[in-house]
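Undergrad: Below is a structure I'd like to ask you about.
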């Protein structure tokens with residue numbers, strides 16, 4: 001019996017250290033991922049701000065809408081998506097969330113291209129289809145944000 005107690009006392013510190021290392025690994029991986037993500041996030045922010053500058057109450061005419069979407073929004077989204085796809089995490093949970101985020105961004109990017117085609121073809125069905133894509137992208141990105149928030153809570157941030 002005494003030998004078992006001694007074994008537990010000898011093994012327990014190693015188990016606790018291993019658990020701590022796993023937590024630290026997640027924290028380090030998440031910090032690295034978020035640092036990489038934040039380096040390019042401005043591209044998406046700029047694209048979204050440009051988009052909102054020509055829709056809703058800010059809409060003036062098709063020509064202005066088309067110019068901003070084609071000259072500003074789509075190129076920024078292309079660059080953002082390209083840079084986003086270069087980011088990888090060795091942590092499977094982070095990588096899965098990241099891949100979901102990429103799916104959401106692809107929906108948004110496709111929506112912008114549909115909006116351009118809608119203006120070119122004067123086709124409201126393409127506008128509606130683009131809006132469906134935007135909604136799908138938003139839902140996926142919202143889920144990604146919840147996942148990142150859960151990881152941050154898990155590591156105590």
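Undergrad: Which residue is nearest to the chain's Cα centre (by Cα), if the candidates are limited to the range 57-66 and must be surrounded by fewer than 12 Cβ atoms within 10 Å (Cβ to Cβ) and in a helix (DSSP H, G or I)?
TA: 57
Undergrad: Also: Residue 54 is checked against (1) free of Cβ contacts under 8 Å to residues at least 24 places away in the same chain; (2) crowded, with 16+ Cβ neighbours inside 10 Å; (3) not in a loop (DSSP other than H, G, I, E, B) and fails just one. What number does that condition carry?
TA: Unmet condition: (3).
Undergrad: Still on this structure, please answer the following. Could we say that residue 90 is in contact (Cβ under 8 Å) with a residue 60 or more places away in the chain and loosely packed, with under 15 Cβ neighbours inside 10 Å here?
TA: When the stated conditions are applied, residue 90 passes them.
Undergrad: Residues 80, 115: which one is surrounded by 13 or more Cβ atoms within 10 Å (Cβ to Cβ) and over 19 Å from the mean Cα position of the chain (by Cα)?
TA: 115
Rule-based calculations on the coordinates, nothing more; no lab input. No experiment lies behind these values; they were computed from the predicted model shown. Don't worry about glycine lacking a Cβ; one is built from the backbone with ideal geometry, like all the others, and counts go over all protein chains shown.
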